[in-house]
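The values are calculated or read from the model by the stated rules, or taken from the named source; none is laboratory data. It should be emphasised that the depicted structure is a prediction, and the values quoted were computed from it without experimental measurement. Counting neighbours? That spans all protein chains shown, and the Cβs are built from the backbone with ideal geometry, glycine included. Each accessible area value is taken on the protein alone, full model and side chains, heavy atoms only, with ligands, DNA and RNA left out. Shrake-Rupley method; radii C 1.70, N 1.55, O 1.52, S 1.80 Å.
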Amino acid sequence: MTRRLHYAWVVLGVTFLALLAGAGIRATPSVLIIPLEAEFGWTRSTISLAISLNIFLYGLMGPFAGGLMQRLGIRRTTMGALTLLAMGVGLATQVTRPWQLVLVWGVVVGAGSGMVALVLGATVVNRWFSTRRGLAMGLLTASTATGQLVFLPLLATIIERHGWRAAAIVMAGAATLAIPIVALLLRERPADLGLPPLGGTALVPAGKATTNPARVAVGALREGARSRDFWLLTATFFICGASTNGLVGTHLIPACIDYGIPEVTAAGLLALMGLCDLVGTTASGWLSDRYSNRTLLFTYYGLRGLS
């Protein structure tokens, strides 16, 4: 057994694919804004309303997704989220009114993307890894950057040649293809295969959760609200999310087009940022296994502020 690949790495790979599909869908609005403006005559603020609601639910769903994973399991929750994403992105090709875009992309896709996010990665890492948790979490976190790197230039090229609906169908297909992979390969816990977590020596039995997932989420938020560190991390991640997902990730491509830079080139610029993010996130995970997270966060935000 010591010579074989631990199944934790298989679970990590499958989780990465699910997160990759979700990250690609979250990055898609940046290449859709200009085509939607051109076809329907909607203002950028109208389209941004749907994207804002999407990002809001992406964050808000985290605690509730964690509760669902305790109650229903990782595999069922992930399959349900991917199904929701595929349905939402597919329905987005049929919108003709702003409220329909808000409902489909803001609510449906936002809720689905929030379930396939960092809470999924954290749950998988905590269950399957006793050592190398920082590296594993860094690899899963890098899925966001990889989604930008893989999908944005492709989507921009598809939109240029075939229109924005074809790009949405491609992303719906990516989420759909991930569902059977999750169903076949994703396992709940190492004990299900008679294995200890990676780096561990003892089997960890599964506990049966019977509490309502919403009650679990609210209870976790109430407990976290009593911690100063919770609020410090909340404030810093708020700034991080506002500047990345809310500003650069959403509006860089439309801003480039406003200044005469072609959409495919602009998507390549955002993908290049994703490549740098991929390298940095993976390195950050490796460093977190060796150095204080407080020191690392101080360094990262200091560099971010200087830039």
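Set side by side, the residues VAL102, VAL89, VAL119, VAL107 differ, and just one is in contact (Cβ under 8 Å) with a residue 40 or more places away in the chain, of a type in the set (A, V, I, L, M) and in contact with a Pro (Cβ under 9 Å, 6 or more places away or on another chain), which is VAL119.
Residues in the stretch 129-148 include none that are at pLDDT below 95, assigned to a helix (DSSP H, G or I) and of a type in the set (Phe, Trp, Tyr).
Scan the stretch 123-153 residue by residue and report those that are under 12 Å from the mean Cα position of the chain (by Cα) and either under 23 Å from LEU296 (Cα atoms) or open to solvent by less than 30 Å² (accessible area, probe 1.4 Å) (or both). If the condition is that a residue be under 12 Å from the mean Cα position of the chain (by Cα) and either under 23 Å from LEU296 (Cα atoms) or open to solvent by less than 30 Å² (accessible area, probe 1.4 Å) (or both), then LEU140, THR141, ALA142, SER143, THR144, ALA145, THR146, GLY147 are the ones that fit. Residues considered: PHE237, PHE298. Of these, the only one that is more than 21 Å from the chain's Cα centre (by Cα) and loosely packed, with under 15 Cβ neighbours inside 10 Å is PHE298. Summed over the stretch 1-39, residues that are more than 20 Å from GLY114 (Cα to Cα), part of a helix (DSSP H, G or I) and open to solvent by 30 Å² or more (accessible area, probe 1.4 Å) total 7. Exactly one residue out of ALA65, ALA81, ALA122 is farther than 20 Å from PHE237 by Cβ and hydrophobic (A, V, I, L, M, F, W, C), and it is ALA81. Only residues that are modelled with pLDDT under 90 and in contact with a Ser or Thr (Cβ under 9 Å, 6 or more places away or on another chain) were counted in the stretch 102-116, giving 2. The lone criterion from (1) in contact (Cβ under 8 Å) with a residue 40 or more places away in the chain; (2) open to solvent by 60 Å² or more (accessible area, probe 1.4 Å) left unmet by ARG189 is number (2). Answer with yes or no whether PRO153 is at pLDDT 85 or above, out of contact with any Pro (no Cβ under 6 Å at 6 or more places or on another chain) and not aromatic (Phe, Trp, Tyr). Considered against the rule, which asks whether it is at pLDDT 85 or above, out of contact with any Pro (no Cβ under 6 Å at 6 or more places or on another chain) and not aromatic (Phe, Trp, Tyr), PRO153 comes out as yes. Scanning the stretch 91-118 for residues being surrounded by fewer than 19 Cβ atoms within 10 Å (Cβ to Cβ), over 16 Å from the mean Cα position of the chain (by Cα) and assigned to a helix (DSSP H, G or I) gives a total of 5. Of all residues in the stretch 164-176, those that are over 17 Å from the mean Cα position of the chain (by Cα), in contact (Cβ under 8 Å) with a residue 60 or more places away in the chain and open to solvent by 30 Å² or more (accessible area, probe 1.4 Å) total 2. Every test in (1) over 21 Å from ALA175 (Cβ atoms); (2) part of a helix (DSSP H, G or I); (3) more than 17 Å from the chain's Cα centre (by Cα) is passed by TRP42 save one, and that test is (2). Of all residues in the stretch 187-239, exactly one satisfies the criterion of being among the charged types (D, E, K, R), assigned to a loop (DSSP other than H, G, I, E, B) and modelled with pLDDT under 85, namely LYS208. Mind listing just one residue for me: the one in the stretch 222-232 that is of a type outside the set (Phe, Trp, Tyr) and open to solvent by less than 80 Å² (accessible area, probe 1.4 Å) and, of those, nearest to the chain's Cα centre (by Cα)? Within the stretch 222-232, the match that is nearest to the chain's Cα centre (by Cα) is GLY224. Considering the stretch 247-283, the residues that are of a type in the set (S, T, N, Q) and over 14 Å from THR157 (Cα atoms) include one that is surrounded by the fewest Cβ atoms within 10 Å (Cβ to Cβ), namely THR282.
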